[in-house]
Every structure is written in C-alpha cells, then in structure tokens.
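Asker: One structure, pasted below without further comment.
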Amino acid sequence: MRVDPELCIGTGDCVRLAPHAFRIDDRSGVSVPQPGAVATARELLEEAAFNCPTRAITVGTDE
Ligand code: SF4
C-alpha cells in the first residue's frame, strides 16, 4: 500500500479509518503509511483507498 504525496491533501480520513496503517506527517501534512499497515485487514485498506477524496492511496496486490 502506498500514498502518493502529490495527491494527498491531508484530510486525515485514512487515519481515522485505519489509525495503525496511516499517520499524518507533521512537516509535510500528508499521510504516510505506517508499519502497522501490514497487520491491517486488506478490506480496511481498500476502504480507506476508496474513501480518500483524491484517490491518493493505492493498495497493491503484493503489499
Ligand atoms: S484520505 Fe487521502 S487525502 Fe486524506 S489524508 Fe488520507 S491519503 Fe491523504
């Protein structure tokens, strides 16, 4: 799973949905994937990707 920093506008929706998988970086103001993402249900990551207003989140097939 990855977040495109060029697309993310820092709404924090993904953090609220999956707090172990995402964090808003204090400096850049964009979402950064967290190590906990690997332990987060794929469905939840896909939901976060679906709900991201700018489609900045990509859930890969082998991640
Ligand atoms: S939901 Fe999308 S735009 Fe909002 S913080 Fe997460 S990645 Fe960024």
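Nothing in this text is a laboratory measurement; each read-out follows from the coordinates by a stated rule. If you're wondering where the values come from, they're calculated on a predicted model, not measured in any experiment. For neighbour counting, all protein chains shown are included, and Cβ atoms are generated from backbone atoms with ideal geometry for every residue, glycine included.
Asker: Please give the calculated 222 nm ellipticity per residue for the chain, where each DSSP H segment of at least 4 residues contributes -39500 (n - 2.57) and the sum is spread over every residue; nearest 500 deg cm²/dmol?
Answerer: Calculated mean residue ellipticity at 222 nm is -6000 deg cm²/dmol.
Asker: Taking the Cα centre as origin and putting +1 on Lys and Arg beta-carbons and -1 on Asp and Glu beta-carbons, what dipole magnitude results for the chain, to the nearest 20 debye?
Answerer: The calculation lands at about 140 debye.
Asker: Work out how far the C-alpha atoms of the chain reach from end to end along every principal axis, then list the three figures in whole Å, largest first.
Answerer: Per principal axis, max minus min of the Cα coordinates gives 27, 19, 19 Å.
Asker: Place a label point 7 angstrom from the Cα of T11 along the Cα-to-Cβ direction, then list the residues of the range 17-38 whose backbone nitrogen is under 20 Å away.
Answerer: Residues 17-26, 28-34 qualify, since their backbone N sits under 20 Å from the label point.
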